[in-house]
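Some notes on the structure that comes next.
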Amino acid sequence: MKKIDENFYRLLHPKVVFLLTSISKEGVPNVMACAWATPVSEEPPMIIVCVAKEHYTAELILETAEFAINIPTKDMEKAIWLCGSKSGREVDKFKRANLEIIPSTKIKAPLIKGCASYIECKLHQTIDAGECYAFLGNVVYVGIDERYFKKGVWQGDTIPMHLGGKRIVYFRDEKKS
Ligand SMILES: Cc1cc2nc3c(=O)[nH]c(=O)nc-3n(C[C@H](O)[C@H](O)[C@H](O)COP(=O)(O)O)c2cc1C
């Protein structure tokens, strides 16, 4: 049998890259960059985020059963790389990346000020998926900045998307809404 190409998953990229926030049971938050996520149900609203088992974020989501997706804007690219290369076990990434924490609406894990949108989730189920946990979450709150997401669609050229490796891209929408 032909060997599976090691980059097979990038056939499904580019993917919206987001800052995934979580919190410890002592109330200390963490953030990591993440791209592997998908909606799985509209009714009830549910999504899956995939996090490597070794990441501190995985430990925290297992511990407190909640997480938040913060979709950053173009000017936050530097923070994406920092949050995607250091572990919260060693570094306070909020401080290091100059990210300001704001309270969530329905969960304890915080949000990050200035993002284009927010999705707060409570953990519904954890699926063991190879090197990752696929965390299936119930969406309990959504916040949208309509400068970036108008009439139910993203505006082109506004939100970072992960192509793979060190490459972030932006899409162009010919039919601007
Ligand atoms: C653009 C980008 C996308 C990433 N996507 C994922 C992802 O989907 N799942 C994952 O487990 N790690 C992903 N990472 C890697 C984690 O963000 C990284 O390993 C991070 O340091 C983990 O932090 P933590 O130990 O504080 O949880 C991504 C990194 C970058 C830069």
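Rule-based calculations on the coordinates, nothing more; no lab input. Values in this document were obtained by computation on a predicted structure and should not be read as measured data. Virtual Cβ from ideal backbone geometry, glycine too; neighbours counted across all protein chains shown.
Ordered by residue, what ³J(HN,Hα) values in Hz, to whole numbers, does segment 5-19 give under the Karplus form 6.51 cos²θ - 1.76 cosθ + 1.60, where θ = phi - 60° and Gly and Pro are x?
Along segment 5-19, the couplings run 4, 5, 9, 3, 5, 6, 5, 9, 9, x, 10, 4, 9, 9, 9 Hz.
Collect residues whose amide H, placed 1.01 Å from N in the peptide plane, falls under 5 Å from the amide H of Ser87; neighbours closer than 5 in sequence don't count.
HN-HN under 5 Å from Ser87: empty list.
So for the chain: antiparallel DSSP bridges make up what percent, rounded to the nearest 5?
Values: 47 of 47 bridges.
Antiparallel bridges make up about 100 percent of those DSSP assigns within the chain.
Which ³J(HN,Hα) values in Hz, rounded to whole numbers, follow from the phi angles of segment 48-56 under the Karplus curve 6.51 cos²θ - 1.76 cosθ + 1.60, where θ = phi - 60° and Gly and Pro get x?
Karplus-based 3J(HN,Hα) across segment 48-56 equals 10, 10, 10, 10, 4, 4, 6, 6, 4 Hz.
Nearest 500 deg cm²/dmol is fine: what mean residue ellipticity at 222 nm does the chain get from its DSSP H runs of n ≥ 4 alone, each adding -39,500 (n - 2.57), divided by its residue count?
My calculation for the chain gives -2500 deg cm²/dmol from helical runs alone.
Stretched out fully, how many nm does the piece from Glu63 to Lys108 gain, at 0.36 nm a residue minus the Cα gap? The partial results should precede the final answer.
Working: separation 45, 0.36 × 45 = 16.20 nm, distance 1.24 nm.
Between Glu63 and Lys108, full extension yields 15.0 nm more.
Can you tell me the length gained on complete extension of the stretch Ile4 to Val140, counting 0.36 nm per residue apart and subtracting the Cα distance? Present the calculation step by step, with values, prior to reporting the outcome.
On the way: separation 136, 0.36 × 136 = 48.96 nm, distance 3.75 nm.
Separation in residues times 0.36 nm, less the Cα-Cα distance, equals 45.2 nm.
If the reach is capped at under 20 angstrom between alpha carbons, list the aspartates and glutamates near Lys122, excluding any in the same chain fewer than eight residues apart.
Once the sequence-local aspartates and glutamates are set aside, what remains near Lys122 is Glu26, Glu42, Glu43, Glu59, Glu63, Glu66.
Among Arg172, Arg96, which comes first, then next, by fewest other beta-carbon atoms within 10 Å? Walk me through the intermediate numbers first.
Details: Arg172 7, Arg96 12.
Listed from fewest to most nearby Cβ atoms, that is Arg172, Arg96.
Can you compute the FRET efficiency between Tyr148 and Glu43 using 1/(1 + (r/R0)^6), with r the Cβ-Cβ distance and R0 = 25 Å? Round to the nearest 0.05.
So, using R0 = 25 Å, E works out to roughly 0.50.
Which ³J(HN,Hα) values in Hz, rounded to whole numbers, follow from the phi angles of segment 79-88 under the Karplus curve 6.51 cos²θ - 1.76 cosθ + 1.60, where θ = phi - 60° and Gly and Pro get x?
Result, ordered by residue: 5, 4, 5, 5, 5, x, 10, 10, 9, x Hz.
What does the extension gain come out to for Ile127 and Leu12, with contour length at 0.36 nm per residue minus their alpha carbon separation?
Roughly 39.4 nm would be gained on extension.
Given Cα pairs under 8 Å that are at least 6 residues apart, what percent is the relative contact order of segment 108-173?
Contact order relative to length: 24 percent.
For Val140, which sequence-distant residues (separation of 5 or more, or a different chain) have an amide H within less than 5 Å of its own amide H, given hydrogens modelled in the peptide plane?
Residues meeting the criterion, in which the H sits 1.01 Å from N, are Glu120, Cys121, Lys122.
Which net charge results when you count Lys and Arg as +1 and Asp and Glu as -1 among the other residues whose beta-carbon is under 15 Å from that of Phe8?
+1
Distance cut-off 25 Å, Cα to Cα: go down the list Lys15/Lys151; Lys25/Lys95; Lys15/Lys166; Lys53/Lys113; Lys86/Lys151 and report the pairs above it.
Lys53/Lys113; Lys86/Lys151
Mind listing the long-range amide H neighbours of Val16? Cut-off is under 5 Å, sequence gap 5 or more, other chains count too, H placed in the peptide plane at 1.01 Å from N.
Under 5 Å from the amide H of Val16: His162.
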